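Structure first, commentary second.
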Amino acid sequence: MIKEIEEDANERMGKTVGTFHGALARIRTGRANPSLLDTIEIDYYGSPTPLSQAASISVEDARTLTISPWEKNLIPEIEKAILKSDLGITPAANSDVVRLPLPPLTEENRRDLVRQAKGEAENAKVAVRNIRRDAIADIRELLKEKEIAEDDGKRGEDAVQKITDQRVAEIDKVLLAKETDLLEI
């Protein structure tokens, strides 16, 4: 039973770290990356559709993304969705593609993005700690119901704590890499 609790906690913490990776991918660095547009949805025949499902997104050069919609009549919708988003990028459209030129990051922008990344890291750590709390509560419940021995309960709690420490260290490592990437000129 304790093994199952540990495995469940490890799996859930892994998903939290994966979500954290996704959140960091949306924080733009000085380079163009198609994942910047992952959260943008367009109105596609009356239903909100992720941009990646209505167009191909490619990197033209280090600071430019190119969006080629499957249907040319979607270009105004794509422009509107990008302008409404919080990316702070103005699209440039021509007859068949939308280009997103990424402005170079200023020192102030970099610091704001680092602050945003640290906030995402803290949210991920809180989620990992909440999973740890739930797992330990489950172990203590088994102990209270006398379904496991006290020694097994203590070993289970220690194992969950080790998993938690590993995941928090993983989050810190990923954050450090992102910070270095953001502050690199």
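Find the relative contact order for the chain and round it to a whole percent, using C-alpha pairs within less than 8 Å whose residues are 6+ positions apart. Relative contact order comes out at 26 percent. Note: the chain, Cα convex hull, 132 Å³ per residue. The stretch between residue 35 and residue 1, if pulled fully straight at 0.36 nm per residue, gains 8.3 nm over its current Cα-Cα span.
With R₀ set to 45 Å, the beta-carbon distance separating residue 53 from residue 165 gives a calculated FRET efficiency near 0.70. The three principal axes of the Cα atoms in segment 34-101 give end-to-end lengths of 34, 25, 17 Å, sorted in falling order. Applying 0.36 nm per residue to the separation of residue 147 and residue 129 and subtracting their alpha-carbon distance, the gain on full extension is 4.0 nm. Specify whether the C-alpha gyration tensor of segment 118-159 places it in the rounded, prolate or oblate class, a ≥ b ≥ c being the square roots of the eigenvalues: rounded for a/c under 1.5, otherwise prolate if a/b is larger than b/c and oblate if not. Prolate, because a/c is 1.5 or more and a/b exceeds b/c.
Over segment 113-185, the fraction of Cα-Cα pairs per 10 Å bin, rounded to whole percents and listed from the shortest bin up, is 20, 36, 21, 15, 7, 1. Convex hull volume of the Cα atoms of segment 1-41, normalised per residue: 66 Å³. Cross-link partners of residue 144 among lysines, defined as those whose alpha carbon lies under 30 angstrom from its own and excluding same-chain residues fewer than eight positions apart: 3, 15, 125, 154, 162. Could you compute the FRET efficiency for residue 71 and residue 108, with r as their C-beta to C-beta distance and R0 at 30 Å, rounded to 0.05? That pair, residue 71 with residue 108, gives E of 0.15. Extension gain for residue 60-residue 154 works out to 28.3 nm (0.36 nm per residue, less the C-alpha to C-alpha distance). A Förster radius of 41 Å, combined with the Cβ-Cβ distance separating residue 172 from residue 84, puts the computed FRET efficiency at roughly 0.75.
Each reported figure results from applying straightforward, stated rules to the coordinates on display, with no laboratory input. As the structure is a prediction and not an experimental result, all values here were calculated from the model. Neighbour counts run over all protein chains shown; Cβ positions are idealised from the backbone, glycine included.
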